[in-house]
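One structure is given here, and the rest of the page talks about it.
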Amino acid sequence: MSKYTIQRFTPDLHGQVCQLQKHLWGSPTKLNPAYLDWKHLRNPYIPEPLIYLALYEGHVVGMRAMFGACWEAGEYTDKSMLPCAADTVIEPDYRDRGLFQELSDYVMDDLRRQNYRQILNFSSSHANYVVSVLTMGWRPMGSSEALIRAVPSISTLIKMIELTSRFKIASKVQAVSRKAIRKARVAARINAFAHLDRNANVQGHPVKLSREPKPEMMADLIQRLGGDGRIRHVRDQTYFSWRFGNPRASYRFLYWGDRDLDGYMILQNTVGDPRINIVDWEGASLEIRASLLEAAVAWGHFGIVCTWGTTLFASVIEILQQAGFTADNITTDAPNRSGQFMLKELGTNETSGTLGGRQLLDHGHWDLRMIYSDGV
């Protein structure tokens, strides 16, 4: 008999869940309630949060969650809710005791009872990916194949940070490295968009910068542009109105057009991370998309800019390459830059399902963007 009580989230455990999340997100616990509420309690696609908790003697010691996500494909007339795995954390004293497996089994059984047939994971680290595929029945869908544009000095700094975190080195070198890392993280807390904010909105330039999303206009552009039939997340007014409420992130929006929006680029940054992410990017023409990218790079003076290249068309990759983007050989362990995509079947049929006539396990049948990931 298990020594743990495993159950769905209830409001009386809200405070304990937020405390547990400090092991996932670090010390700024004041953000944890806002993040939990935005991502799970105000998610527009699920009636109740899919948060599962393990309790030991009334104390929350483990959590596994799914956030609601709505997908479309083919003619985009049918929508399908495929939850995405997120925010898994076990209190350190309870790790490596079989709790993760026990909690996962409970989650999968409960999702089956709710008639979910597949779940996704877009932010798995390489280590979690290997364990999930080899032992837990997840099936690989590909990787994000990040593309970056980096200033050489920033590339060196990031490599140093990751190497000192990964390997044991001499104590003196370690001390110097830790000091440099602290300085880098302090510097990263400075507004990463400072240059962009100062240099943007040039008179007469067709690209305009805003700190606010335009959900209705962005959704209208997506509808006008249509799609190519691949599987993509629904990007309607409801989605855009919710998506950018992430309290752990800051965003900037580059727009082409005023009354009728003909293009946009969404940039994201997380406090303490020197990277700027292009999380979504649309345009009525390749020229508009190129102009948006050119403006972002010229005005922003960013040390490192990253985006997913995994399912971009060759014409769009060419625009990025002309702007100095290359394959990412710096941040190989960062899940939101170079993560692995996985799918788990919850039904009895071993053959993966389809959506709009597209195979869920076929990487080429997806239009994947960083905005779909829960980490940005």
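Segment GLN16..GLN101, full-extension length gain: 28.5 nm, with 0.36 nm per residue of separation and the alpha-carbon distance subtracted. Ranked by the mean number of other Cβ atoms within 10 Å per residue, highest first, peptides 210-218, 268-276 order as 268-276, 210-218. When restricted to Cα atoms, the stretch 92-133 yields an Rg and a Dmax of 12.3, 34 Å, respectively.
Per the Cα gyration tensor, the stretch 43-159 maps to an equivalent ellipsoid with semi-axes of 27, 24, 14 Å, ordered largest to smallest. Amide H contacts of VAL234: CYS70, TRP71, GLU72, each under 5 Å away and 5 or more positions distant or on a separate chain (H built 1.01 Å from N in the peptide plane; Pro and chain starts excluded).
Using the Cβ-Cβ distance between ALA194 and TRP25 with R0 set to 41 Å, the FRET efficiency from 1/(1 + (r/R0)^6) comes to roughly 0.95. Scaling against 2.2 N^0.38 Å puts the C-alpha radius of gyration of the stretch 251-323 at 1.08.
A straight Cα-to-Cα reach below 12 Å connects LYS214 with the aspartates and glutamates ASP236, ASP258, ASP260, residues fewer than 8 places away in its own chain not being considered. Full extension of the chain between MET136 and LEU225 gives 28.1 nm of extra length, using 0.36 nm per residue less the Cα-Cα distance. Extension gain, SER250 to GLU48: 0.36 nm times the residue separation minus the Cα-Cα distance gives 70.1 nm.
A straight line joining the Cα centroids of the stretch 298-321 and the stretch 87-138 runs 32 Å. Over the C-alpha atoms of the stretch 214-304, the Rg to Rh ratio, Rh being the Kirkwood estimate, stands at 0.96.
Read-outs: derived from the displayed coordinates by stated rules, not from any lab. Every value quoted in this text rests on a predicted model; they were computed, and no experiment measured them. Positions of Cβ are backbone-derived with ideal geometry, glycine not excepted, and every protein chain shown enters the neighbour counts.
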